[in-house]
1. Tally up the residues in region B:47-88 that are outside any strand (DSSP E or B) and either within 11 Å of another protein chain (Cβ to nearest Cβ) or more than 16 Å from ligand 1 (Cβ to nearest atom) (or both), please.
2. With B:75, B:87 as the choices, which residue is surrounded by 23 or more Cβ atoms within 10 Å (Cβ to Cβ), touching a residue at least 12 places away in the same chain (Cβ under 8 Å), within 16 Å of ligand 2 (Cβ to nearest atom) and not aliphatic (A, V, I, L, M)?
3. Just to verify a result, which residue in region B:142-170, among those that are more than 14 Å from chain C (Cβ to nearest Cβ) and more than 16 Å from ligand 2 (Cβ to nearest atom), is farthest from residue B:191 (Cα to Cα)?
4. Residue C:181 - would you say it is at the interface with chain B (Cβ under 9 Å from one of its Cβ atoms) and over 30 Å from residue C:132 (Cβ atoms)?
5. Out of A:269, A:282, which single residue is closer than 21 Å to residue C:132 by Cα, assigned to a helix (DSSP H, G or I) and more than 10 Å from every other protein chain (Cβ to nearest Cβ)?
6. May I ask you to list the residues in region B:9-26 that are within 28 Å of residue B:200 (Cβ to Cβ), more than 16 Å from ligand 2 (Cβ to nearest atom) and either among the acidic types (Asp, Glu) or in contact (Cβ under 8 Å) with a residue 60 or more places away in the chain (or both)?
7. Residues being surrounded by 18 or more Cβ atoms within 10 Å (Cβ to Cβ) and farther than 18 Å from residue B:79 by Cβ: count how many of those fall in region B:101-121.
8. Would you please name the residue that is farthest from residue B:86 (Cα to Cα), looking only at residues in region C:194-237 that are within 13 Å of another protein chain (Cβ to nearest Cβ) and either in contact with a Phe, Trp or Tyr (Cβ under 7 Å, 6 or more places away or on another chain) or acidic (Asp, Glu) (or both)?
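The values are calculated or read from the model by the stated rules, or taken from the named source; none is laboratory data. This one's a predicted model, so the numbers in the text were calculated from it and none came from an experiment. When we count neighbours, we look across all protein chains shown, and the Cβ atoms used for this are built from the backbone with ideal geometry, even at glycine.
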Amino acid sequence: MTLDILAYAAFFLSMALTYAIICLGLNVQWGMTGLFNVGIAAFVAVGAYTSALLTTPPSPDRFGGFELPIFVGWLGAAVTSGLLSWAVGALTIRLRSDYLAIATFGIAVTVQLCMLNLQPLTGGPFGIGFIPRPFADLQDNALAFSLANFAVMAIVVLALYLALEHLAKSPWGRVLRAIREDEMAAQALGKRPIRFRLQAFTLGGAIMGLAGAAQAHFIGFIAPDNYMPILTFQVWAMLIVGGSGNNRGAIAGAILVWGLWALSAAAVSTFVPAEQQARAASLQIVAIGVGLCLMLLWRPRGLFGEVSPLTRLKSLRAAPSKE
Amino acid sequence: MTAPILSTHGLVAGYEPDLPIVRGIDFSVSSGELVVLLGPNGAGKSTFVKAIAGLVPIHAGTMMLNGRDITHVSPHRKVAEGLAFVPQTENVFATMTILENLQIAVAHLPKAKRGAAIEALFSRFPDLAARPSRLAGALSGGQRQMLAVARALALDPPVIILDEPSAGLSPKIVSEVFDMLKAINAGGVTVLLVEQNVKAALAIASRAVILAEGRIAHEGLPEELASDPLVGKIYLGTAHGHQGAPA
Amino acid sequence: MNPQFIMDGLIAGAIIGLGAVGVTLTYSILRFSNFAHGELLSWGAYLALAVAGALGFLSAGLTKPIAPFSFGWALPISAVIAIGLTGLLALAVDALLFSSFRRRGSAIIIMVMASFGASLALRSLLEFLFTSKPAYFTKALQIAMKLGGGLRATPDQLLMLGVALVAVVTVHLLMTRTDIGRAMRAVSENPALASIAGIDVRRVIRTVWFLGAALACVAGIMSGLLIQIRPYLGHDLLLPLFAAAILGGIGSVPGAMLAGLIIGLCEALAVQAVGAEWRAAVSFVILIAVLLVRPRGLFGKAS
Ligand SMILES: Nc1ncnc2c1ncn2[C@@H]1O[C@H](COP(=O)(O)OP(=O)(O)OP(=O)(O)O)[C@@H](O)[C@H]1O
Ligand SMILES: [Mg+2]
């Protein structure tokens, strides 16, 4: 019994950690750079599908199945999602700040369409199954399997966390912060803000793609339904709760919000009669939406946040004319 | 001397909460005066008058107009109470025509009186009347300044504040602008004028105030200031009380 | 190629155009892209549905179709009431949410984010109240009339095109000929200058919310009458709305309407040429093309 609980806890935490990876990616884009991405689901999906195509066994009814090792899939995922982010960013970062938001929203819609309709590539509405899972040979022993997977996720999150912390303190991170605080001054020092922003957006997108791959291999199958706009909302809620600009907060926020989400979903399915469950689920989403707004109103720094990019972002506002 | 029509008491104001630019100014203008506000670049002159107009957050202090406390009155209500303001830059609606700019300015009048009010402005500023459908953004610097002043006068204000109306204009136009201000003041309007053009401003002023680092540094009659070499050197950037540096 | 796509495109385009006029107005004055605008369309449609249902309950005569249309007096009456209610909804959201950010001088992107949360809450609330099952204003079927040139349209469709035209012309005249219209353009160019020109900026902001919501409600009712009512009605139109507002040039009312029609026609064409499943990608392609070639849109001011 306790072993079961332990296995479940490991499973739950692994899932939460995959969200933590997405959240870290978003933190590079939003927390460090102030770029608003409304298409998180798309970048995660592209990563998941890329890795699935690279690592699954060949399949007659769709393209690919290259049976490559899992880590090649992960790498491929990060590269494709990074490229996609780069393309979106290159197009919109030089424009008004919310055009990027609109463009990423468009990407999310379009990637959703592609997943559904590019049957020969994506398997259509049913998605792709038989995605190889790490430590598959341990599968008979639920506990060992869960713990091994958890260990992998934990290592990935830890490595990313350390790398991002290091990056924030590196010259690159300092330039990014300088740009955010005073774009004009940074420009005067010969730093090209657009280039640094684009690099940050690309890096963030690549991390999201990596998260998508990690998640896909953890679950073993993927379908368009996993990448609905609600995923984007969840990740935003995680980052806002954790406090943007703060990598530890991003991880904590992911675990906390995922926990609340899973708990409330479990409560809905146990206590609400079957015919009312869809309605209860929509109420759950209302709560996320309202919660997001309340956090923005009352605790813009997040529950754990010490550093708030929001105050700094003020300088990005349509600058009042200086006389 | 008549009672002050506009006054500030210990006014502290600035763009960010913890960064006062105007640092405690006690200041008043009496009805009918033409007061000129001088000071080096960055002294906080624009910030001070913008704070009076309600465009910059006020941190402390009060201000009165006509005996009423207007410290926390919103800008458009101040206009209704008789305070007109011509900002230093971006003082016309560039994407709208001359006529539309004036229509906005006379919108507070009853519909029947608006036509006549616009006609009156056009006869006062014949340059603007020539092509009322031109976009304000396409006007020359001088014409723009005219339009901005016309817009403010359309409100028929007892008090008008102008922030460097002569900036960037050719000497000929500058003297036209100053003649106009003198005429406006002679017509009974109280004028508060921020200027870098020290000599010309002192020539028409009834009183002068010098601002430095967000405080009043000196106050007096124009002729006193003009002849005080120390004041000229320290605050006006000139050793002889001549024309100050262009903006 | 079947010329009927022109009719389909015009109808879709009119709906998109009306919504985009609202987006362009709120964007130019509130200065952020409101991701909750789509929800105003959905709420408009559902509010009209609820009021029409109540009216029909009070008097069955109100549901008797007015020939040649498929709906009774209950719909136009409820439409007027729903327009008011949708406007109030927008004002309430502004008072509860966006006005605080404006007061604090928050970054644009914070408001975009808040609108994103509001959109999620509003849409799911509709799903909770009305479930995700499609609903209809009327069950009556209409025969399409032949218009010549191979075009067919139902009386409802023609009426709605007329309504859209009247709405856009009215808004355009409002913007160019009236005090409040000039005040809106003034605030959109320079809010600080507008306030010292005697314009009550907060009143202008309220007017814009109301106007945008009213147009959204009309678009939602059109979409509900001619297609169906779903909680995702507005959300699915959001990308076309943004694309149209940007293609038309932010702040331009005629631009938004024209761009809406262009996008509607392109969508209809794509449905015929490529297949209905790709419809939603059309506005994305157009959006990208505009951002690449002419980010200020057809009638936008250079920034
Ligand atoms: N919109 C703004 N936001 C933040 N700080 C500002 C803004 N406008 C001006 N400042 C700062 O306020 C200080 C005073 O500026 P202000 O424009 O009031 O000076 P001024 O006396 O009008 O100078 P000038 O003669 O050059 O017009 C300056 O340090 C300036 O940097
Ligand atoms: Mg100044």
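1. Let us first name the residues in region B:47-88 that are outside any strand (DSSP E or B), namely B:47-57, B:66-67, B:70-82, B:87-88.
After this cut, where a residue has to be either within 11 Å of another protein chain (Cβ to nearest Cβ) or more than 16 Å from ligand 1 (Cβ to nearest atom) (or both) as well, the list is B:47, B:49-50, B:52-57, B:66-67, B:70-82, B:87-88.
Final tally of qualifying residues: 26.
2. Working: B:75 fails: within 16 Å of ligand 2 (Cβ to nearest atom).
Going through B:75, B:87 in turn, the sole match is B:87.
3. Per the criteria, the residue is B:170.
4. Details: at the interface with chain B (Cβ under 9 Å from one of its Cβ atoms): no; over 30 Å from residue C:132 (Cβ atoms): yes.
Criteria not met by residue C:181.
5. Values: A:282 fails: more than 10 Å from every other protein chain (Cβ to nearest Cβ).
Only one candidate passes the filter, namely A:269.
6. Answer for region B:9-26, where residues must be within 28 Å of residue B:200 (Cβ to Cβ), more than 16 Å from ligand 2 (Cβ to nearest atom) and either among the acidic types (Asp, Glu) or in contact (Cβ under 8 Å) with a residue 60 or more places away in the chain (or both): just B:26.
7. 0
8. It comes out as C:231.
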